[in-house]
Amino acid sequence: MTKRLLAGWSLGLLAELSAIGLLLTSAWLISRAAEHPPVLYLMVAIVSVRAFGISRSVLRYCERLLTHDAAFRLMNQHRLALYITLDEASPGGLPQGRRGDVVSRVVHDVDAFQDRLLRVNIPRSIALAACLFVTVLLAFIDPPTAAVMALAILALYLAIPLIVVFSNTGDNRRTAEFRGDLAAEVAQAVVAAPDLVAYGATGTVRDRVRVIDRRLARTQRRFVWLSGLSSAIVLTTMGAVVVAAARIGVPAVADGSLDRVLLAVLILAPLALIEPLDQLGSIAQTGLRVKESLGRVGELQSVRPRLEEPLVWRPLPDRWNLEVRNLLVGWEDGAVAPPLSFELAEGEVLGVAGPSGSGKSTLAATLLKLIAPKGGQIELGGDDLTFMRGQEVRSRIGLMEQDSHIFDTSIRENLRIGKTDAADTEMEFALKRAGLAAFTDSLPDGLDTVVGENGARLSGGERQRLALARLLLADRRILILDEPTEHLDEVTAEALLDDIFSLTPDHSIIVISHSQAVLDRLDHVVQLGQTALIDA
């Protein structure tokens, strides 16, 4: 990647020098042609003009290919690393913030790694190298003009970034915040759209989005205004250098110390630098924005899992019986339930009951090793869960949440989340065990049927069965089902429970529910707050 960047930077510099060479050679050619020399005297200049004109575009194209390829590779590396960090930290919860803002950071702010290369570092260094080249060239032609040029370039390199910094105070941070707020509002509105329409609250959401959009547009207009001011400063400064070059060069031609043909080159040289210097304003603005964006990305990159993996771990045991002794579960602010003890043999079904807020879902997260227990012990297959890696534990224990997410894609792709390389026969078997095979067989597109956003084209029971099939395809031995019959009618709930109980003895099942109808069908129920099994 370093070689690509170096090659791309070299081609970019050559492209910039070709543009400068095109203007200066053309100036010399026109001045020399005005003296009516033999045409052969002009052939080198004529060929050079053509070469510079063609090579400028070719070199610029090759430079963009190399630098953008390297920048995209680098950006993808950082984005992948961020995905891995979030994947490791997400089971225990991401930093407080709205989902749309996190998405904005992952999608937009990560682009700052690309912008730092393509819009800050590379163009700034190329512009500086081009300015040095022209200044050195003028020093051979007319040192006083070269000195004026050097002072003007130095002033621009110092003044424009300072102007941008002082004029942009807080704007980049507010822009990033407004962009995150806008993404969060839109994402929330999309998710809640049916409810907003039902309650007639769409106008309120639109007004909030418009307010944020106007604030974002206002800050972006200031960026545009500042960019125009920077361009005006560059044009004015270079225009002043042109005047100074003329005032220095004309007397030099008159006293014979400067060739009159070179006077045009001397006067037009400042104009050749307008293009690279005109980027200083946008480079400074982009640099500030990149700094803010990288700071927001850094906040996500610094997230660490709530539960650190053991330095020395044990492999998963062959058995998958579960034993809990005096277990305290809870989040950072303490335990949410008294000590809990129970045993779950292989192939058994166990119920967990308790009112809302009593810690049922927290217990599930603890068994999945997403959060650490506050006390007590969990054994899987006779071995302490503390010394097992979380990813391996979750390959043995699976969770089906009350509202498991169904992606807006086909049934096949939703199932492949459980097993990416699953064959159609494996998917069909999982669907059969989940009680959904007859339904998918009746669909014209079968496994390729698109289910809609969050499974909108499926009924509540079909969504639950699809989530269950995905869990079965992943071959989890212990299934934790959190409120599997919630929002289902009585007949659908009974049928789903029948299919769930039929999964034994190949799977052990923990059913978390506050529904008495569900608990009545279970032989053993653990009431949170008690330490013994209670017959249902």
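Nothing in this text is a laboratory measurement; each read-out follows from the coordinates by a stated rule. None of these values were measured; they are calculated from a predicted model. Cβ placement follows ideal geometry from the backbone for every residue including glycine, while neighbour counts extend to all protein chains displayed.
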Whole-Hz ³J(HN,Hα) for each residue in the range 399-404, computed from phi via Karplus 6.51 cos²θ - 1.76 cosθ + 1.60 with θ = phi - 60°, x for glycine and proline: what do you get?
10, 10, 7, 4, 10, 4
Order 140-149, 196-205, 116-125 from most to least packed using the mean count of other Cβ atoms within 10 Å.
116-125, 140-149, 196-205
Along the Cα→Cβ direction, 7 angstrom out, place labels at Glu343 and Val242. What is the inter-label distance in nm?
9.3 nm
HN-Hα J in Hz across the range 288-297 - Karplus 6.51, -1.76, 1.60, θ = phi - 60°, x for Gly and Pro
5, 5, 4, 4, 5, 5, 5, x, 5, 5
Using r as the Cβ-Cβ distance of Thr202 and Leu443, and R0 as 35 Å, what FRET efficiency do you calculate, to the nearest 0.05?
0.60
Of the listed values [x] 74, 59, 53; [y] 92, 78, 48; [z] 114, 56, 47, grab the one calculated as Cα extents along the principal axes in Å from the structure here.
[z]
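Counting only DSSP beta bridges with both residues in the chain, tell me the antiparallel percent, nearest 5.
The antiparallel proportion sits near 50 percent.
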I'd like the FRET efficiency for Arg319 and Leu6, computed as 1/(1 + (r/R0)^6) with the beta carbon distance as r and R0 of 56 Å, rounded to 0.05.
0.45
Straight distance only, please: which lysines reach the Cα of Lys360 with their own Cα at less than 17 Å, same-chain residues fewer than 8 apart left out?
Lys369, Lys374
Note the angle between two axes, namely the Cα long axis of helix 490-501 and the longest principal axis of the Cα atoms of the chain, as a number of degrees from 0 to 90, rounded to the nearest 10.
90 degrees
Determine the dipole magnitude for the range 407-527: charges of +1 sit on the beta-carbon of Lys and Arg, -1 on that of Asp and Glu, nothing else is charged, the reference point is the Cα centre, and the result goes in debye to the nearest 20.
300 debye
Extension gain from Val224 to Glu486, taking 0.36 nm per residue of separation minus the Cα-Cα distance
89.0 nm
Please compute the contact order of the range 322-535 in relative form: average sequence separation of alpha-carbon pairs under 8 Å and at least six residues apart, divided by the residue count, as a percent.
32 percent
Along the chain, longest interval not containing exposed GluC sites (Glu not before Pro), exposed being DSSP loop plus at most 12 other Cβ atoms within 10 Å
36-307
What length, rounded to one decimal in nm, is gained on full extension from Leu80 through to Ser356, with 0.36 nm per residue of separation minus their alpha-carbon distance?
95.6 nm
Contact order relative to length for the chain, counting C-alpha pairs under 8 Å separated by 6 or more residues, stands in percent at 15 percent
Farthest toward positive dipole pole in the chain [+1 Lys/Arg, -1 Asp/Glu at C-beta], among Leu154, Val525, Ala364:
Leu154
Please get the size of the charge dipole for the chain, origin at its Cα centre, with Cβ charges of +1 on Lys and Arg and -1 on Asp and Glu, quoted in debye to the nearest 20.
3160 debye
Roughly how many nanometres apart are two label points built 7 Å out from the Cα toward the Cβ at Gln402 and Glu379?
3.3 nm
Points 7 angstrom from Cα along the Cβ direction at Ala51 and Ser167: gap in nanometres?
4.1 nm
Applying the gyration tensor rule to the Cα atoms of the range 402-470 (axes a ≥ b ≥ c; rounded if a/c under 1.5, else prolate if a/b exceeds b/c, else oblate), the class is rounded
I need the phi-derived Karplus couplings for the range 36-46: 6.51 cos²θ - 1.76 cosθ + 1.60, θ = phi - 60°, integer Hz, Gly and Pro marked x.
6, x, x, 4, 4, 5, 9, 5, 4, 5, 4
List every residue whose amide H lies under 5 Å from the amide H of Gly376, counting only residues 5 or more places away in sequence or on a different chain, with H placed 1.01 Å from N in the peptide plane.
Leu328
Acute angle (nearest 10 degrees) that the helix 260-272 long axis makes with the longest principal axis of the chain, alpha-carbon atoms
20 degrees
Could you give the size of the charge dipole of the range 256-408 about its Cα centre, using +1 on the Cβ of each K and R and -1 on the Cβ of each D and E, expressed in debye and rounded to the nearest 20?
360 debye
